[in-house]
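J.: Pasting in a structure now, in structure tokens, and then I'll have a few things to ask.
The values are calculated or read from the model by the stated rules, or taken from the named source; none is laboratory data. As the structure is a prediction and not an experimental result, all values here were calculated from the model. A quick note on method: Cβ atoms are made from the backbone with ideal geometry, for glycine too, and the neighbour counts reach across all protein chains shown.
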């Protein structure tokens, strides 16, 4: 957990500089990633809930959503948004795999990357604003669910049948490192958690949360397959793109079903 926090968030972790990141430790960090996502979602949900409650109108909901999305980006150093932009530039270039990978490694950002970030943040903010306007508490729960789902997509994308697109980088450390038992366990836990509202008679919320997990994982699986076809495997940038796409798809699904 400590390594996952050090690698994927801005929060200071004592002794983090002494950690050796190899295939074993990277694998363990990825296993904690969905829980880190849920925690980040909860942190970002607090100011959103406060603003939407204090300013009980559409503007308050929109402002709360914008603040929450900003907090998520800042809490992760914009790491996943950067991965989304790099992946969009590489795949959008329609270049050969080696050239696409080179484009993804370049530090600048192109038109595809800018558009990908803009559309993603717009969709996340709009969906979350609709949920906060319906209920500040619902918006907070939805954000936790979405942040969890986006990172669960990485756990599934690191299965043993997945190959890295290049021999170095974070993708090479993690790709193919997780077995089906661990992945299935996470999936079952996610379904159980998100159907709990049904026990309290909140069937619509249970349906929305479960649908969010399913939609988020379906979208990210399709995108992962597309990336593998285009560049021959997975990279750290693709993992970042999966997180943002999964989070967005989950938020949109809950907003459509419940909001």
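J.: Looking at 184, 247, which is the one that is surrounded by fewer than 16 Cβ atoms within 10 Å (Cβ to Cβ) and closer than 21 Å to residue 31 by Cβ? Break it down stepwise before answering.
T.: Working: 247 fails: surrounded by fewer than 16 Cβ atoms within 10 Å (Cβ to Cβ).
Testing whether each residue is surrounded by fewer than 16 Cβ atoms within 10 Å (Cβ to Cβ) and closer than 21 Å to residue 31 by Cβ leaves just 184.
J.: Let me ask something additional. From the list 220, 184, pick out the single residue that is more than 22 Å from residue 46 (Cα to Cα) and in contact with a helix residue (DSSP H, G or I) (Cβ under 9 Å, 6 or more places away or on another chain).
T.: Numbers: 184 fails: in contact with a helix residue (DSSP H, G or I) (Cβ under 9 Å, 6 or more places away or on another chain).
Within the list 220, 184, the selection yields 220.
J.: Residue 42 is checked against (1) under 15 Å from the mean Cα position of the chain (by Cα); (2) under 30 Å from residue 231 (Cα atoms); (3) in a helix (DSSP H, G or I); (4) at pLDDT 90 or above and fails just one. What number does that condition carry?
T.: Of everything listed in (1) under 15 Å from the mean Cα position of the chain (by Cα); (2) under 30 Å from residue 231 (Cα atoms); (3) in a helix (DSSP H, G or I); (4) at pLDDT 90 or above, residue 42 misses just condition (2).
J.: Among the residues of region 114-143, what is the count of those that are part of a helix (DSSP H, G or I) and either within 13 Å of residue 255 (Cα to Cα) or modelled with pLDDT under 95 (or both)? Spell out how you get there, then give the answer.
T.: Of all residues in region 114-143, those part of a helix (DSSP H, G or I) come to 114-134, 136-143.
Next cut, either within 13 Å of residue 255 (Cα to Cα) or modelled with pLDDT under 95 (or both) only: 123-134, 136-143.
Result for region 114-143: 20.
J.: Moving on to the next point. Failed condition for residue 192, given (1) over 15 Å from the mean Cα position of the chain (by Cα); (2) closer than 17 Å to residue 214 by Cβ; (3) touching a residue at least 24 places away in the same chain (Cβ under 8 Å), with all others met?
T.: Here residue 192 clears every test but (3).
J.: Among the residues of region 175-200, write down those that are part of a helix (DSSP H, G or I) and touching a strand residue (DSSP E or B) at 6+ places or on another chain (Cβ under 8 Å). Explain how you work it out, then say what you get.
T.: Taking region 175-200 as the starting set, the residues that turn out to be part of a helix (DSSP H, G or I) are 180-199.
Listed by number, the residues that qualify are 180, 183.
J.: Kindly indicate whether any position in region 38-46 is out of contact with any strand residue (DSSP E or B) (no Cβ under 7 Å at 6 or more places or on another chain) and farther than 21 Å from residue 190 by Cβ.
T.: Of the residues in region 38-46, the ones out of contact with any strand residue (DSSP E or B) (no Cβ under 7 Å at 6 or more places or on another chain) are 38-46.
Checking the rest, the ones that are also farther than 21 Å from residue 190 by Cβ come to 46.
Within region 38-46, one or more residues are out of contact with any strand residue (DSSP E or B) (no Cβ under 7 Å at 6 or more places or on another chain) and farther than 21 Å from residue 190 by Cβ.
J.: State which residue pairs qualify: first residue in contact (Cβ under 8 Å) with a residue 12 or more places away in the chain and inside region 101-130, second residue surrounded by fewer than 19 Cβ atoms within 10 Å (Cβ to Cβ) and assigned to a helix (DSSP H, G or I) in any location, beta carbons under 7 Å apart, and separation of 6 or more residues or different chains.
T.: 112/92; 125/66
J.: Please work out which one of (1) within 26 Å of residue 113 (Cα to Cα); (2) surrounded by fewer than 18 Cβ atoms within 10 Å (Cβ to Cβ); (3) in contact (Cβ under 8 Å) with a residue 40 or more places away in the chain is the condition residue 224 fails and give its number.
T.: (2)
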